[in-house]
Amino acid sequence: MISIYRIVLLSMLFPLFSSCKEEDTGNKEEPISSFRQEVSATQVRVAKSEQRSFDYLINASGKVEASSQLKVIVERSGYLSELLISEGQYVNQGQVIARLDNADNEFRLEKAVIQLRIAEADLEDRKMGFGRILSGQDTSVNAREFEERLRANSGILSAELEVREAKMDLEKAIIKAPISGKVADLGIRKGSLVNSGDELCELISSDLLELKVKVLESDISYISGGQNVEVYPVSGSTEGLSGKVKSINPKVDENGLVQVTIILSKAGNLLPGMNARAVIRAPQNNSIVVPKQALVYRSGRPVVFTLAGNESKWNYVEVGKDNGQEVEILKGIEPNETVITTNNLQLAHQAPVQIVEN
């Protein structure tokens, strides 16, 4: 009786064991390759890593200045009788730009000339009594030294000096442009009484402009005299001007900056006092270069994805310089590798990818 019961019990449990075995077989893990096939490929764009010269761009801003900029100073007192210039007018070097009233100086010159004539007549009278000495017949006296003493005693030397000073004052009344340039800050009107040392105006030679910028001391080793520079107005104009590095101040300021002076090839629309941005190109030879979009960061480390068949490959890299468009790769990938430049922010290693044309 017990045997029959065991047989019935086993026959009831057998189907249950069979179904469990089949269920275990169905839950068996699929290979990872089959999952990759089911995941849709990420569409990406690609580029090539290149080994070539890489332009490291140094950006700096500063103010535009005229290479020649001088203040015109009045050298003597008087009334400004003529003003021959206006604000913004271009004048040439040596051009007469103003005149002071010269009546008093002309009178002073006349007076000095009369005094000189009187002194010359007095000298002639003195010479008449010393004919033998002046002719050299009296060898006991040096004729030349004797005549100089006569000239000094006659007052002719001081009279000649007065004439020269009067002529110089007359010349100072005629104000000429010391350099060629445009008139700025014209602060005196015609008819004004001016004093010696007053500023008439400022002349700005806008034909040749300079840009003085501050560069980080860490970048100064990449800059040298004569280096090409691109200059852009800060006002937003896209038109750039070319220039060259003129000089580098050998002193570092308290902020770790070095002043670099750039001379512009032409003025363009720039004016002295305007703000402008300089882009100094510092070529780096034999660098591996990739587009900046190819570089991403994972856990703070730089990564470049390359193409391996139809999959992405994760590459940790060591980054060099960055010029805003391209990045220098010092270590991690080789030249002529295909690098992924789009949809790489969340890309995984060995993820399926599909290249799309640019």
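Within segment 36-58, can you find the residues that are over 30 Å from TYR222 (Cβ atoms) and either open to solvent by less than 80 Å² (accessible area, probe 1.4 Å) or touching a helix residue (DSSP H, G or I) at 6+ places or on another chain (Cβ under 6 Å) (or both)?
Of everything in segment 36-58, those that are over 30 Å from TYR222 (Cβ atoms) and either open to solvent by less than 80 Å² (accessible area, probe 1.4 Å) or touching a helix residue (DSSP H, G or I) at 6+ places or on another chain (Cβ under 6 Å) (or both) turn out to be ARG36, ALA41, THR42, VAL44, VAL46.
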Of (1) under 18 Å from TYR56 (Cβ atoms); (2) touching a Phe, Trp or Tyr at 6+ places or on another chain (Cβ under 6 Å), LEU193 fails just (1)
Top-ranked residue in segment 169-183 [being modelled with pLDDT of 90 or more, open to solvent by less than 50 Å² (accessible area, probe 1.4 Å) and assigned to a strand (DSSP E or B); ranked as farthest from GLY273 (Cα to Cα)]: ILE175
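Listed here are the residues, each with its yes/no results for (1) more than 14 Å from ALA294 (Cβ to Cβ); (2) over 35 Å from the mean Cα position of the chain (by Cα); (3) at pLDDT 90 or above.
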position: TYR316; (1), (2), (3): no, yes, yes
position: GLY332; (1), (2), (3): no, yes, yes
position: THR338; (1), (2), (3): no, yes, yes
position: THR341; (1), (2), (3): no, no, yes
position: ASN344; (1), (2), (3): no, yes, yes
position: GLN350; (1), (2), (3): yes, yes, yes
Matching residues in segment 237-251 - criterion: being of a type in the set (Val, Ile, Thr) and open to solvent by less than 70 Å² (accessible area, probe 1.4 Å): VAL245, ILE248
Count, please, the residues in segment 277-295 that happen to be open to solvent by less than 10 Å² (accessible area, probe 1.4 Å) and closer than 18 Å to LYS331 by Cα. 4
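Within segment 59-81, which residues are touching a Lys or Arg at 6+ places or on another chain (Cβ under 8 Å) and either among the basic types (Lys, Arg) or open to solvent by less than 70 Å² (accessible area, probe 1.4 Å) (or both)? Give the derivation first.
Pass one, segment 59-81, residues touching a Lys or Arg at 6+ places or on another chain (Cβ under 8 Å): 59-63, 65, 75-76, 80-81.
Listed by number, the residues that qualify are ALA60, GLY62, LYS63, ARG76, LEU80, SER81.
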In segment 122-163, residue modelled with the highest pLDDT [restricted to those that are open to solvent by 50 Å² or more (accessible area, probe 1.4 Å) and among the small types (Gly, Ala, Ser)]: SER158
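The values are calculated or read from the model by the stated rules, or taken from the named source; none is laboratory data. This one's a predicted model, so the numbers in the text were calculated from it and none came from an experiment. Every residue, glycine among them, receives a Cβ derived from its backbone with ideal geometry; neighbour counts consider all protein chains shown. Side chains included, ligands, DNA and RNA excluded: accessible areas come from the protein's heavy atoms. Shrake-Rupley method; radii C 1.70, N 1.55, O 1.52, S 1.80 Å.
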